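The block underneath contains the structure these notes are about, expressed in structure tokens.
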Amino acid sequence: MSALSDKIKSDLVKLSKSDKHLQSIIKRLESGNANLADVDDFAQATGTVLKKVFEKSITESPKAFTDEQLIAEILGDIFGDNYELINSVAENIQKQLDKAAGIGIKPQRADFPSERIENLAKVTAQKGLTDKTSLSEFTASVENINGSIFTDYVKTNADFRSKAGLKVYVIRSDHSKCCAWCSKLAGKYVYPDVPKDIWRRHKRCTCEITYVNEKAGTYDQISYSDVQNGKEIETRKQVTRLTPEQARAKEKEVLKRLDKRGVSGIIKMKDIPIGKSIGAKAKNYDILDPQTGEYFNFVEGTKIQNPKVFAGKGGTKPLNPEVADGLSKQIGGKPENWQHLKGIGVIDYYGEEVKAEVHWFQEESVGKHKFKVKRWLDNDD
């Protein structure tokens, strides 16, 4: 790895040791009385330190941050260390909590955020870091990705443990310090009945996102606010868990129904509906904006209009063999059945409905994956 990467790591260690806030969190983590909220604090605090180190490094060596490959290598190396650190801390605290609760489920790790890192490197190399605004946006993205490592851990384990039969609650708190958008998401939710944006963090977001789990039983009554047709509504639910047999049967039924929709959608190329719900997580997709590295979702109740296959099975040209093989190895399905599509969707851009041309890949046996914004559109388009 480059000398610059080593220098950043050295500065990171020095600043971490001298940062009083981070050191106080580490003491809590080592006390034996920590919880996952402390891990969230740790992820955000290490992100803040990392932000400061990058600000210093870019000021000292601005030319080094003009090469996309070098930026990607540096980010990959630094985030690789922090990914390992944050997950190790989370796993350790989770095991302590599980032992006290009599739960014997192994903590799971989310995927490394390689795509977000690659896109940040690409955008940084294209735009440069020649002014305070671009530098601020870059370091905010660095801080956001670092904090999202733990958010991804929470999301992965909430889902895994719920499927394993535990009672899982997802908790998002803005501590009354963030924005109105975040305030509407704050609350305690029964997983998987959570708002579609529960996992999203905008740049400079300070929300705390954690979960707690218990052995199976009848859930607490949960009340929360959500927005439907522009009006805030209050929802109260009492949820009882299905037996494992009932859950597996339900899952098989839903997957079978979705597979059929996927096949017919590919052949007839009808508009693709985005599910609509009140509070519950409807069928939706994460959409990457390559220009910022942020993820968004489609507006519920809308459709992806005019979907077209432009490469791969049924398209006007073949899909790159390396791409098809990579998708098959990473996600599944047969390489020859993968397709590259495009369409027009309405995206929830922090509460605003904005049109965009989106591209994605799909294969009939594994569904739709890797959505990204190709270009933002005027709503009149």
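Yes or no, residue by residue, for (1) closer than 16 Å to Ile274 by Cα; (2) open to solvent by less than 70 Å² (accessible area, probe 1.4 Å); (3) modelled with pLDDT under 90; (4) in contact with a strand residue (DSSP E or B) (Cβ under 8 Å, 6 or more places away or on another chain):
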residue: Glu294; (1), (2), (3), (4): no, yes, yes, yes
residue: Gln305; (1), (2), (3), (4): yes, no, no, yes
residue: Gly315; (1), (2), (3), (4): no, yes, yes, yes
residue: Lys329; (1), (2), (3), (4): no, no, no, no
residue: Glu336; (1), (2), (3), (4): no, no, no, no
residue: Lys342; (1), (2), (3), (4): yes, no, no, yes
residue: Val346; (1), (2), (3), (4): yes, yes, no, yes
residue: Tyr349; (1), (2), (3), (4): yes, no, yes, yes
residue: Val354; (1), (2), (3), (4): yes, yes, no, yes
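What residue, among those in the stretch 147-169 that are open to solvent by less than 50 Å² (accessible area, probe 1.4 Å) and part of a loop (DSSP other than H, G, I, E, B), is farthest from Leu97 (Cα to Cα)?
Gly165
Can you find, within the stretch 59-74, the residue that is nearest to the chain's Cα centre (by Cα) among those that are β-branched (Val, Ile, Thr) and exposed (fewer than 15 other Cβ atoms within 10 Å of the Cβ)?
Here the residue is Thr66.
In the stretch 90-134, how many residues are farther than 30 Å from Glu60 by Cβ and among the small types (Gly, Ala, Ser)?
Number of matching residues: 6.
Could you identify the single residue in Glu137, Glu118 that is under 20 Å from Val53 (Cβ atoms), in contact (Cβ under 8 Å) with a residue 40 or more places away in the chain and open to solvent by 30 Å² or more (accessible area, probe 1.4 Å)?
Every option except Glu137 fails the conditions.
Going by the structure shown, is Ile344 touching a residue at least 24 places away in the same chain (Cβ under 8 Å) and closer than 30 Å to Trp181 by Cα?
For Ile344, the condition - touching a residue at least 24 places away in the same chain (Cβ under 8 Å) and closer than 30 Å to Trp181 by Cα - is met.
Here are some residues: Lys106, Lys127, Lys132. Which one is of a type in the set (Lys, Arg), within 25 Å of Glu84 (Cα to Cα) and surrounded by fewer than 17 Cβ atoms within 10 Å (Cβ to Cβ)?
Within the list Lys106, Lys127, Lys132, the selection yields Lys106.
Which residues, counting only those in the stretch 356-381, are of a type in the set (S, T, N, Q), part of a strand (DSSP E or B) and open to solvent by 30 Å² or more (accessible area, probe 1.4 Å)?
Once the filter is applied, which keeps residues that are of a type in the set (S, T, N, Q), part of a strand (DSSP E or B) and open to solvent by 30 Å² or more (accessible area, probe 1.4 Å), the stretch 356-381 yields nothing.
Among the aromatic types (Phe, Trp, Tyr), within 17 Å of the chain's Cα centre (by Cα) and open to solvent by less than 40 Å² (accessible area, probe 1.4 Å): does that describe Phe79?
So Phe79 passes the test.
Taking the stretch 19-59 as the region of interest, how many residues are farther than 30 Å from Asp131 by Cα and among the aliphatic types (A, V, I, L, M)?
Looking only at that region, the number is 7.
Given the condition without any contact (Cβ under 8 Å) to a residue 60 or more places away in the chain, under 24 Å from Asp98 (Cα atoms), of a type in the set (Val, Ile, Thr) and surrounded by 19 or more Cβ atoms within 10 Å (Cβ to Cβ), answer yes or no: does some residue in the stretch 47-58 qualify?
no
Give the stretch 174-207 a look and list any residue that's open to solvent by less than 30 Å² (accessible area, probe 1.4 Å) and more than 23 Å from Tyr285 (Cα to Cα), or say none.
Asp174
The values are calculated or read from the model by the stated rules, or taken from the named source; none is laboratory data. Bear in mind the structure is a predicted one, so any value in this text is a computation, not a measurement. Counting neighbours? That spans all protein chains shown, and the Cβs are built from the backbone with ideal geometry, glycine included. Keep in mind that these areas ignore ligands, DNA and RNA; they rest on the heavy atoms of the full protein, side chains included. Shrake-Rupley method; radii C 1.70, N 1.55, O 1.52, S 1.80 Å.
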